[in-house]
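A short worksheet on the structure shown next.
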Amino acid sequence: MKKILLCFAVLGLTACSGVGNINDEKVFFAFDSAAISDDSRAELERQSVYMKRNPDINVVLEGHCDERGSTEYNLALGALRAGNAAHVLIAEGIEPERIKTISYGKERPQYPGTGEEVWALNRNSTTKVVEAE
C-alpha cells in the first residue's frame, strides 16, 4: 500500500503532511517572538506523532535567531523558542526526558545573507533526532 504525502510550498519551504523522519524539521517564529503559531503547532504535533511511533529516538531542539540584536538577547530568545517548542511536544504526550533544548541565538545562522527573507528563515527551532541512550 502506498502512502500519499500532501506537500505545499510557502516562502520557498516545503512542508508535507504525513509522518516521515523529523530530523532537521523547523518551526518558524515572527520577529522578536517566541510564540508558537498555528502552523508551527501543527508541525510540532506531527513531530510528536513520529516520536510516539519511534520511542527509540530523542530530540534536541535548537533555538535560532536572526542577526539583529545583541548576542545575549538572541541567546535568551533562542532558548525561549526551543523551550516553547518542547512544551508543545510535552503537551502532546512526549516524555520530557526525551527532549533537550539548546540556544544558538544568532551565533550559528542556518541560512547565509541578510534581509527579511533570510532573517525569517533563521528565526526557527530546528529538531535534531538523536538515538535514545
(request) Hand me the list of strands (runs of 3 or more DSSP E) wholly inside the stretch 5-50 holding 1 or more residues that are surrounded by 13 or more Cβ atoms within 10 Å (Cβ to Cβ) and at pLDDT below 95. (result) 13-16
(request) Read through the list (1) of a type in the set (Asp, Glu); (2) closer than 22 Å to Ile22 by Cβ; (3) open to solvent by less than 40 Å² (accessible area, probe 1.4 Å), then give the number of the only condition that Asp66 fails. (result) (2)
(request) For the stretch 86-98, enumerate the residues that are farther than 14 Å from Val27 by Cβ and either touching a His at 6+ places or on another chain (Cβ under 6 Å) or touching a residue at least 40 places away in the same chain (Cβ under 8 Å) (or both). (result) Gly93, Ile94, Arg98
(request) Just give me the residues in the stretch 27-53 being out of contact with any strand residue (DSSP E or B) (no Cβ under 6 Å at 6 or more places or on another chain) and of a type in the set (Asp, Glu), in sequence order. (result) Asp32, Asp38, Asp39, Glu45
(request) Please go through the stretch 84-123 and pick out each residue that is in contact with a Cys (Cβ under 9 Å, 6 or more places away or on another chain) and under 17 Å from Arg41 (Cα atoms). (result) Arg123
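Identify the residue in the stretch 44-72 that is among the hydroxyl-bearing types (Ser, Thr, Tyr) and in contact (Cβ under 8 Å) with a residue 24 or more places away in the chain and, among all such residues, is farthest from Arg123 (Cα to Cα).
Taking the candidates together, the pick is Tyr50.
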(request) Output the residue which, of all residues in the stretch 70-114 that are surrounded by 17 or more Cβ atoms within 10 Å (Cβ to Cβ), out of contact with any strand residue (DSSP E or B) (no Cβ under 6 Å at 6 or more places or on another chain) and of a type outside the set (A, V, I, L, M, F, W, C), is nearest to Lys52 (Cα to Cα). (result) Asn84
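The values are calculated or read from the model by the stated rules, or taken from the named source; none is laboratory data. Everything quoted here is computed from the prediction, not taken from an experiment. Backbone-built Cβ (ideal geometry, glycine too); neighbour counts: all protein chains shown. Remember, those area values only see protein heavy atoms, side chains included, never the ligands or the DNA or RNA. Shrake-Rupley method; radii C 1.70, N 1.55, O 1.52, S 1.80 Å.
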